[in-house]
Each structure stands twice: as structure tokens, then as C-alpha cells.
Amino acid sequence: QRPLGFGVKFAPGSMNGCSFVTKSWFSTEIGLKICYKQEGYWEIETDVLGYSDFDGSAKSIVSNIRVKRATNDALAFTFPLGASPLRPAYVHKGAGMKAKGYLSIGEGGDIQQEIKGSSGIDWTHALALHHTQWKWVSFNSMETTTRIFKNGSIEDRKTYTGINLSDKVYDFYTKTGNRQSIENAIWIDSRVVAFRYPVEISMPENGEISGPWLIKSIKPNTEESIDLQFIPISAREDHVDLSYIGLVSDFVQPYGYFNGTVTVTDEGEGTTYIVFFKDVFGVVENHNALW
């Protein structure tokens, strides 16, 4: 947490300039920097300390990663939080995008790794509600088995795939009383397909990492269905209780592996996809805050 935003700078936009976080509140040394380059990619640079979940030891983490922007589609929108035009949110999401670079861990580069994978972005700038809650699901895969139904034919192939799902934050109700969310989507080889119905994100009863999470469609059918299980390994979390001045934040982000299937129909292309996920690394979040 950085009270009053010390050492934090946001870029003017998701595809304009650089955002960074310094190594400490009053330091001028940059620990994390994310810049959008006009050549069509985001460049992510880190020079930070990481702490082991196993023994608490600290090691330097230096990396440079480039995430190629999907040229076909993006999920970007503005949203009136609390149905108020005075509380706007701008959101830009991307997933299943190609990433490459390097990672070095340890002062002498004890571990060095070339990176090639699938990646996502989540760029949000909002005047948040005083009481904000959300649950969130995000993961990416580059060798995903995907079954494609189009024009009476069936094809199985490997795809770059990513998913972004949430509950409670960008939800709205239709005139008929049906709840919907506008940021639930899947990316398949750079093509984004939005889910029409909301999802139910169920946490384990005894805490965020005590057991599996279940992510399911509210209204599963032959054209759209989400049936995923997330098994947490561990979590990063932050808890702030300054309730005497009206500030509280309970944030838990478990990381682990997803398994299951997703069915979605791209009505614009007349294509139905069934995507099979097996041991795909990703994250979930549970956040409750008074800001």
C-alpha cells in the first residue's frame, strides 16, 4: 500500500506513456515500470526484492518482458460506478497475448530464465466507490486445446487463450431484473468474445486458500457455459485497518491452477468454441475496501 500515492505514477492512458512504482515511499529508484510503445507492445521492467513463501528469504528479481498488443480486439469500456456519472471508471483488459523476455533472480543471477508465454493486461483508472468489493479471475495459456464448431465443421487446435471474469464490480441490472457484467470475456488467438451472462465465483468456506474455488455460469447452456475449478497454492495479501478514519482494505490474491471447460459462441463469426483447460496457472482475488 502507498498512502497518498507516494512513489506511484500512472500513465495518462492504457496505450499512452509509462506507469511506475518506486522501490520505497520516498525513493527515486524505480522498482516496476510499465510503458506502452507505439510499435504495438507493452514493456514491463522490474528491479525489486521478492520474498520466498517457504523460508522468507529475499532475492532480487530483475526482468524485462514485452507483451504484444492483440491487433484484432480489446475489451475497453467506461462504466458509471454506483450508476453515477460522477464516478466514472475506465477499464482496458487484454488476455492471451504473446509475451517474451527474460527473468533473473538473485544478486548474481542465480536463476536466469528466458520467457515465452501468454499474458494479459488489466489497466483500470476509476473514482472508486467508498465501499468497493470484487471477486476476480484471470489466467492465460498458450497451448490450449480448443474445439471449434463453424459452418457444420469441427476442428481441434491449440490456441493462445486468456480469461477475465469478475463479480460485484462492473455489474448492472437490465430492465427485466437480470444481472449482467460487462467485463467477463475470453480471448482466443487474439479474438475477444464476451460472455452474455454473469458468473458465480464461489470461495472455500474456511478462507481463500483453504480449498478449491468454483467458477460457474449463472445460466449454462449449449452456447455458453463456464465450469472451472481453481486450486490455490498460496496467496499474496494485504490488510489495512484504519477504520477510525474510514479506510479499510482486505485484499487477498491466491495463485494456483485452473482446470475445467468453457463454451462460448462468437455470434459475429457464427463460431462456437469449447476450450479445455488443464493445470493452467493464474490468479483469483477477493477484495473488500472502504476508501
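The values are calculated or read from the model by the stated rules, or taken from the named source; none is laboratory data. For clarity, every value in this text was computed on a predicted model and none was experimentally measured. No Cβ is skipped: glycine too gets one built from the backbone with ideal geometry, and neighbour counts run over all protein chains shown. For the accessible areas, the whole protein counts, side chains as well, though only heavy atoms, and no ligand, DNA or RNA atoms are used. Shrake-Rupley method; radii C 1.70, N 1.55, O 1.52, S 1.80 Å.
Charged side chains reduced to their Cβ positions (Lys and Arg at +1, Asp and Glu at -1) give the chain a dipole of some 740 debye around its Cα centre.
Ordered by 1.4 Å accessible area with all protein chains kept, S57, S166, S210 run largest first as S210, S57, S166.
Pairs from the table (K59/K158; K98/K150; K135/K158; K68/K278; K68/K150; K175/K216) lying more than 32 angstrom apart at Cα are K59/K158. For the chain, the orientation-averaged shadow of the C-alpha convex hull comes to 17.6 nm² (one quarter of the hull surface). Judged by the mean number of other Cβ atoms found within 10 Å, the most tightly packed of the peptides 193-204, 32-43 leads the ranking 193-204, 32-43. Taking a ≥ b ≥ c as the square roots of the eigenvalues of the Cα gyration tensor, the stretch 95-230 is classed as oblate, since a/c reaches at least 1.5 and a/b does not exceed b/c. Against the criterion of solvent-accessible heavy-atom surface with a 1.4 angstrom probe, W213, W25, W123 sort, most first, into W25, W123, W213.
Within 9 Å, Cβ to Cβ, of K93, how many net charges do the neighbouring residues add up to if Lys/Arg are +1 and Asp/Glu are -1? So the environment of K93 carries a net charge of -2.
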